[in-house]
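Have a look at the structure below before the remarks.
The values are calculated or read from the model by the stated rules, or taken from the named source; none is laboratory data. Being a predicted model, the structure only gives us computed values, none of them experimental. Cβ placement follows ideal geometry from the backbone for every residue including glycine, while neighbour counts extend to all protein chains displayed. For accessibility, only protein heavy atoms count, side chains too; no ligands or nucleic acids. Shrake-Rupley method; radii C 1.70, N 1.55, O 1.52, S 1.80 Å.
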Amino acid sequence: MNDTYQRPNGATSEIRVVRGMFHTIREDLVTHAFAYRPVPPLADDHPLLRYVPRKAVAYARWVPHALFLAAAFLVTFMPFLALGAGLSGLLNVFLTGVPLAVVLLRPVGAWWLALAAAVPMSLWSGYQSFWPWTPAGIISYGAVMLIVACRLRPRAAGEMWLITLAVIVAVGIPFHGSRWSPDTLALLIVLGAMLLIVVGLRGVRESKQQVAVQAAVTEVERSRRTVLEERTTIARELHDVVAHHMSVVAIQAEAAPYRVEETPPELAAAFATIRENAVSALTELRRVLGVVRSENPEAFGEVDPEAPQPTLAALGSLIDNVRAAGLTVEHVTTGAVRTLPQGVELSAYRIVQEALSNTLRHAPGAEARVEVSYVMSGLGLRIVNGPANRLAKPSPGSGHGMLGMRERVTMLSGEMTAGATEDGGFEVVAFIPVEAAAEPE
């Protein structure tokens, strides 16, 4: 049987906690205690400098430091005037004045000097209340602690308070009952409350600074997102325009040799090359658009109202261009033609354009019909085509055009259906609502 004693895990944890506490104290108050850490002057955007002439700003930034040194000078001479010009008075002037002068340059070292000064002051001072400090020593030590609490991490304030309590108890044990005063405990409580207030105010200030920084970062991200949305919208519009025209080029290049009797082989090869290049360009364009959509699929907003964009008034030119490519198109408009919101006009134009481009690609040689219906509650669109000519070769597609049409209709709170017809063709039906308030009187 093994009788070896094993220390409980709880004791090991307590030792680790104690070691961690001493490590943090050493890191905050011992390591580089007398390092040069000057208190910075007022920032250029400080509210106090708004009322100072420009020529005096460079000097006004150091006014708080000058006031602090002036107050420290007065505090150091308080014990000198009270105790006289003897050795005790001179020592008190030195012990209370030096930490106040050093704290502006080496704050942690100044606190150690102020704490060490309390020990000799407690030995020769006859002041009973607030032992071991004199009134001047209380002011000096409190001011040094507050400045150090403003410069170091918040936990350093608690560490300084605990060390102060430990020093008072260690020094007061030999004098217990003769010099120990209950006012000392009250002083420690007040000093701790002051440290908590300083740490709290510092935390509020740092929180405001972090909120301001986060707001600036958010604004930058919002601007970046807006730019990405605009670029994505431009990419989509570019796809609609370029894909349409490249489809027309490909169709015309394929149909051109059949319009000329006894086409020379060189001319037929040239037209074939043109068609291959146009189809290749369409493939690359769809690939680029796919990358844009995958990075930010929801970044589609309204088109810039100042940018020149096509409307339904240009629908005739679009249909004439498609007819020139060899597609038979019938255009029918019903209802009272009126001006609609620009977003509706542009989206309707793009839907018709994409539907006709799909007809050119997937159903070459078919007949198409475009119906535009103006109703009181909005705008109706119907683009239908018949079956493709079996002799013609359809071009492959990626489906981005149909996705773009759906996005446009959804953006305007409309409805859209698309599917094959009974005769083997394809039909796109969309309705875009328009509020009465948006219509011109």
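Before moving on, here are some points about what is shown:
- Within the span defined as segment 176-187, one or more residues are modelled with pLDDT under 80 and closer than 23 Å to Ala71 by Cβ.
- Cross-chain or 6+ apart pairs with Cβ under 7 Å, segment 405-430 first and closer than 15 Å to Val344 by Cα, then assigned to a loop (DSSP other than H, G, I, E, B) and open to solvent by less than 50 Å² (accessible area, probe 1.4 Å): Glu407/Phe300; Met411/Phe300; Ala430/Gly414
- When Glu229 is tested against (1) at pLDDT 80 or above; (2) surrounded by 10 or more Cβ atoms within 10 Å (Cβ to Cβ); (3) more than 30 Å from Ala156 (Cα to Cα), just one condition goes unmet, and that condition is (1).
Condition check ((1) modelled with pLDDT of 80 or more; (2) within 23 Å of Phe22 (Cα to Cα); (3) open to solvent by 10 Å² or more (accessible area, probe 1.4 Å); (4) among the aliphatic types (A, V, I, L, M)) across all residues:
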{"site": "Leu100", "(1), (2), (3), (4)": "yes, no, no, yes"}
{"site": "Ser122", "(1), (2), (3), (4)": "no, no, no, no"}
{"site": "Ser125", "(1), (2), (3), (4)": "no, no, yes, no"}
{"site": "Phe130", "(1), (2), (3), (4)": "no, no, yes, no"}
{"site": "Met145", "(1), (2), (3), (4)": "yes, yes, no, yes"}
{"site": "Val190", "(1), (2), (3), (4)": "yes, no, yes, yes"}
{"site": "Gly200", "(1), (2), (3), (4)": "yes, no, yes, no"}
{"site": "Val204", "(1), (2), (3), (4)": "yes, no, yes, yes"}
{"site": "Gln210", "(1), (2), (3), (4)": "yes, no, yes, no"}
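- Residue in segment 235-257 that is open to solvent by 60 Å² or more (accessible area, probe 1.4 Å), under 30 Å from Gly326 (Cβ atoms) and modelled with pLDDT under 75 present: yes
- Only one of His32, His46 that is modelled with pLDDT of 75 or more and either closer than 29 Å to Trp112 by Cα or among the charged types (D, E, K, R) (or both): His32
- Whichever residue in segment 351-363 is open to solvent by 10 Å² or more (accessible area, probe 1.4 Å) and in contact with a helix residue (DSSP H, G or I) (Cβ under 7 Å, 6 or more places away or on another chain) and, among such residues, is farthest from Phe431 (Cα to Cα): Arg361
- Residue in segment 295-328 that is nearest to Gly343 (Cα to Cα), counting only those that are under 33 Å from the mean Cα position of the chain (by Cα) and at pLDDT 50 or above: Gln309
- Residues of segment 36-67 satisfying the condition of being more than 36 Å from the chain's Cα centre (by Cα) and within 24 Å of Arg153 (Cα to Cα): His65
- Scanning segment 268-287 for residues being open to solvent by 70 Å² or more (accessible area, probe 1.4 Å) and not polar (S, T, N, Q) gives a total of 4.
- Scope segment 34-51; condition open to solvent by 40 Å² or more (accessible area, probe 1.4 Å) and free of Cβ contacts under 8 Å to residues at least 24 places away in the same chain; matching residues: Pro40, Ala43, Asp44, Asp45, His46, Pro47, Leu48, Arg50, Tyr51
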